[in-house]
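The numbers here are math on the coordinates, done by the rules we state, and not lab data. A quick note: this is a predicted structure, and the numbers were derived from the prediction, not measured. No Cβ is skipped: glycine too gets one built from the backbone with ideal geometry, and neighbour counts run over all protein chains shown.
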């Protein structure tokens, strides 16, 4: 069955960095684009970034542009999200989700998320 | 950015009743890139509907979506206790956004 498992979350000080990972299994990983979304405690969902199936196209939310980088390794069935210069407002659960294209197709499977806490 | 506004914010209904959840977009969605998700506490969102009205895999026909332009609706018939959740609408165009959610309590 399709599985997406995020990891890499934790507690980081303001200004710090984290690298989140998302490992996929149960499907042909290289045929899918992957989104990152986030959800602050008790809040709604926010789109963060997307990477195409071949990794050549990447798009970022304007609010995070310049502080994040998305990448993937199709040989390892893994997608990564590098978060830099973290701010308190970046604290959230970060989810990865697969889609068939970068835009225009809804994400059909999501991971359970990994929690990022920004605190001094 | 397309802003999605959902109403009502919360809804409390009894088993067997029907629910109507609304999602209004700040501008028209001509490409029908509108989906609905169900999220239970501590869980990942589950895709219910995409393309405005197409049920996702294994979603029962009690769930149906409709709408066009700026106004979209998720209907849930014959409510069951396990339908208690937060429901989000989501437009998945080139700058994806979500509604703030409707909390449904059965």
TODO: Sketch the reach of a paramagnetic label on residue B:103 as a point 7 Å from Cα along Cα-to-Cβ, and name the residues of region B:15-49 whose backbone nitrogen lies under 19 Å away.
DONE: B:15, B:19-23, B:37-46
Task: Three-way shape call for region B:23-63 based on the alpha-carbon gyration tensor, with the a/c threshold at 1.5 - done: oblate
Task: Distance (nanometres) between label positions extended 7 Å along Cα→Cβ at residue A:3 and residue B:27 - done: 4.2 nm
TODO: Using only alpha carbon pairs under 8 Å that are at least six residues apart, calculate the relative contact order of chain A and give it in whole percent.
DONE: 36 percent
TODO: Mind giving me the FRET efficiency for residue B:12 and residue B:58? R0 is 35 Å, r the Cβ-Cβ distance, nearest 0.05 is fine.
DONE: 0.85
Task: Separation of the residue B:70 and residue A:115 label points, Cα + 7 Å toward Cβ, nm - done: 4.0 nm
- [ ] Express the relative contact order of chain B as a whole percentage, based on alpha carbon pairs under 8 Å and six or more residues apart in sequence.
- [x] 38 percent
Open item on the list: At 7 Å along Cα-to-Cβ for each site, give me the label-to-label distance between residue A:88 and residue B:94 in nm.
Closed with: 3.6 nm
Task: Shape call, region B:32-100: gyration tensor on alpha carbons, a/c limit 1.5 - done: oblate
- [ ] Using every pair of alpha-carbon atoms in chain A, split the distances into 10 Å bins beginning at 0 and state the percent of pairs per bin, rounded to integers.
- [x] 15, 50, 30, 6, 0
- [ ] Pull up the DSSP beta bridges for the protein assembly as shown and report the antiparallel fraction as a percent, rounded to 5.
- [x] 90 percent
TODO: On a C-alpha basis, how far is the centre of region A:10-64 from the centre of region B:1-77 in Å? Whole number, if you could?
DONE: 23 Å
